[in-house]
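Presented below is the structure to which this report refers.
The values are calculated or read from the model by the stated rules, or taken from the named source; none is laboratory data. On a predicted model such as this, the values are computed, not experimentally measured, just so you know. Neighbour counts are summed over all protein chains in view; Cβ atoms, including those assigned to glycine, are modelled from backbone coordinates with ideal geometry. Please note that ligands, DNA and RNA were not included when accessible areas were found on the heavy atoms of the full protein model with its side chains. Shrake-Rupley method; radii C 1.70, N 1.55, O 1.52, S 1.80 Å.
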Amino acid sequence: MKPVFSRFPRLFTFLPLLLIAVYPFIIDTGMFKDWLVALYQFGAIIICLLVFSYKTYENSDYGYLLVGIFIFFITFILYWLPESVFTLPRYAWILFVSSGVLIVTVGYNQVHQLEKSITDIYEKKENWFV
């Protein structure tokens, strides 16, 4: 539906598959492997922040998810800072990540209940004669 000049190039859609082909070459080098895993994590967190911030803008019930993902983002940034700048014991990282998981789980439950109630209302409206 978009004009040709504004479409996303199809060549770029296959770029993540290139990472899968290159991964066996860097599996034994710790630094590249850590960078690749960090890149995957960072991409996932940024996409989640973008999607759920938009969803929260539309409906405030998605706020729990946004807060949990923001905790994941802060934990990610602090984890990848050099030890000379910021350091925490191992249990602190586990507490940060587990609190993010807990908040996201509560958020998913809240959104699931919201979707279920919306679906029930829609089904009642469609089946008004029953």
Scanning region 48-76 residue by residue, those open to solvent by 70 Å² or more (accessible area, probe 1.4 Å) and β-branched (Val, Ile, Thr) turn out to be Val51, Val67, Ile74
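Restricting attention to helices (runs of 4 or more DSSP H) lying wholly within region 2-100, give those where 1 or more residues are under 30 Å from Gln110 (Cα atoms). Break it down stepwise before answering.
Working: elements: 10-13, 15-26, 30-58, 63-80.
Fully inside region 2-100 and qualifying: 30-58, 63-80.
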Filtering region 7-36 down to residues that are under 22 Å from Thr75 (Cα atoms) and open to solvent by less than 60 Å² (accessible area, probe 1.4 Å) yields Gly30, Leu36
Of Leu81, Leu102, the only residue that is closer than 23 Å to Leu65 by Cβ, out of contact with any Leu (no Cβ under 7 Å at 6 or more places or on another chain) and either of a type outside the set (Gly, Ala, Ser) or without any contact (Cβ under 8 Å) to a residue 12 or more places away in the chain (or both) is Leu102
